[in-house]
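In what follows, a single structure is set out as structure tokens and then discussed.
Derivation of every value follows stated rules applied to the coordinates shown; laboratory data play no part. Just so you know, these numbers come straight off a predicted model, no measurement behind them. Glycine gets a Cβ as well: all are built from the backbone with ideal geometry, and neighbour counts include every protein chain shown.
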Amino acid sequence: MSYTPEASLVFDGKRACLLKGMDNKSGPEMVDPGDLVDFDVEVGYFIPAFFDFPSEYLGSETVAGRVLHKIRPQLPHGAELVYFIDASTWLPHKTAVRMTIRGQSFAVERVFSDYRDVDGILYPHGFTYPSRDRKSVIQGRVTSVEVNPALDDGHFTIPKNIE
């Protein structure tokens, strides 16, 4: 399950709802089921999907002297997400994603870096992502991580009147 406060977005693993609508003010609106492939990937960036779904070991490869084990979970909405796990630290080094949304195919890699201890969890504070035009790579920084914040169940509930 996922909750994104800035977008007022709820994803329960099967359905997604923009609590304030596409315009962020009109009211709850369900996300088209064809777009759910993106949610599997977004959650998988932060919580490795191989913990939740059957996965296949694809062997290893060496990149810049680093041995990386490749693991591909079977995501429910059709995205292909491959994790490259660093053999020396056992932390995700990067992900490679292939997915189709609204007829458009995407192939994206994200590299994770600057792992720091946050309440006993090693969490990446640096990552890459493609620019909107997909012509360059942007460095992202995590400035704050909160583990187990107090959120009531309403943060993860799709309103019944629109289901």
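Overview of values
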| item | result |
| --- | --- |
| I101, I47 arranged by Cβ crowding within 10 Å, fewest neighbours leading | I47, I101 |
| Pair E56, D35: separation of 7 Å Cα→Cβ label points (nm) | 3.0 nm |
| Least to most buried among F50, F106 (fewest other Cβ within 10 Å first) | F106, F50 |
| Candidate lysines - alpha carbon under 27 Å from K70, same-chain residues fewer than 8 apart omitted | K14, K94, K135 |
| Residue-by-residue Karplus 3J(HN,Hα) for region 76-84, coefficients 6.51, -1.76, 1.60, Hz, glycine and proline x | x, 10, x, 6, 9, 10, 10, 8, 10 |
| In order through region 20-25: 3J(HN,Hα) via Karplus (6.51 cos²θ - 1.76 cosθ + 1.60), integer Hz, x for Gly, Pro | 10, x, 4, 8, 6, 8 |
| Per-residue ³J(HN,Hα) for region 139-152, Karplus 6.51 cos²θ - 1.76 cosθ + 1.60, θ = phi - 60°, Hz, x for Gly and Pro | 8, x, 10, 8, 9, 7, 10, 10, 9, 6, x, 6, 10, 7 |
| Using alpha carbons only: equivalent-ellipsoid semi-axes of region 82-142, gyration tensor based, whole Å | 25, 14, 10 |
| Listed residues V41, V111, V82, most fluctuating in the chain (Gaussian network, C-alpha, under 10 Å) | V111 |
| Selected from K94, K25, K14 as most flexible by GNM, with the chain as the system and alpha-carbon contacts under 10 Å | K25 |
| Helix-derived mean residue ellipticity, 222 nm - over the chain, DSSP H n ≥ 4, -39500 (n - 2.57), to 500 | -2000 deg cm²/dmol |
| Full-stretch length increase - R98, V111 - with 0.36 nm per residue and alpha-carbon distance subtracted | 3.2 nm |
| Amide H contacts of G21 (H built 1.01 Å from N, under 5 Å, at least 5 apart or other chain) | G27, E29 |
| Label-reachable residues, region 90-131, where backbone N falls under 15 Å from a point 7 Å from N148's Cα toward its Cβ | 118-122 |
| Options [x] 11.0; [y] 9.2; [z] 12.7 - which one matches mean projected area of the Cα convex hull in nm² as calculated here | [x] |
| Environment charge of L58, counting only residues whose C-beta is closer than 12 Å and scoring Lys/Arg +1, Asp/Glu -1 | -1 |
| Selected from F46, F112, F127 as most flexible by GNM, with the chain as the system and alpha-carbon contacts under 10 Å | F46 |
| Contour minus Cα-Cα distance for H77 and R15 (0.36 nm per residue) | 21.2 nm |
| Cα-centre dipole for the chain with unit charges at Cβ (Lys and Arg positive, Asp and Glu negative), debye to 20 | 540 debye |
| Tilt relative to the chain, helix 36-46 - C-alpha long axis, 0 to 90 degrees, to 10 | 50 degrees |
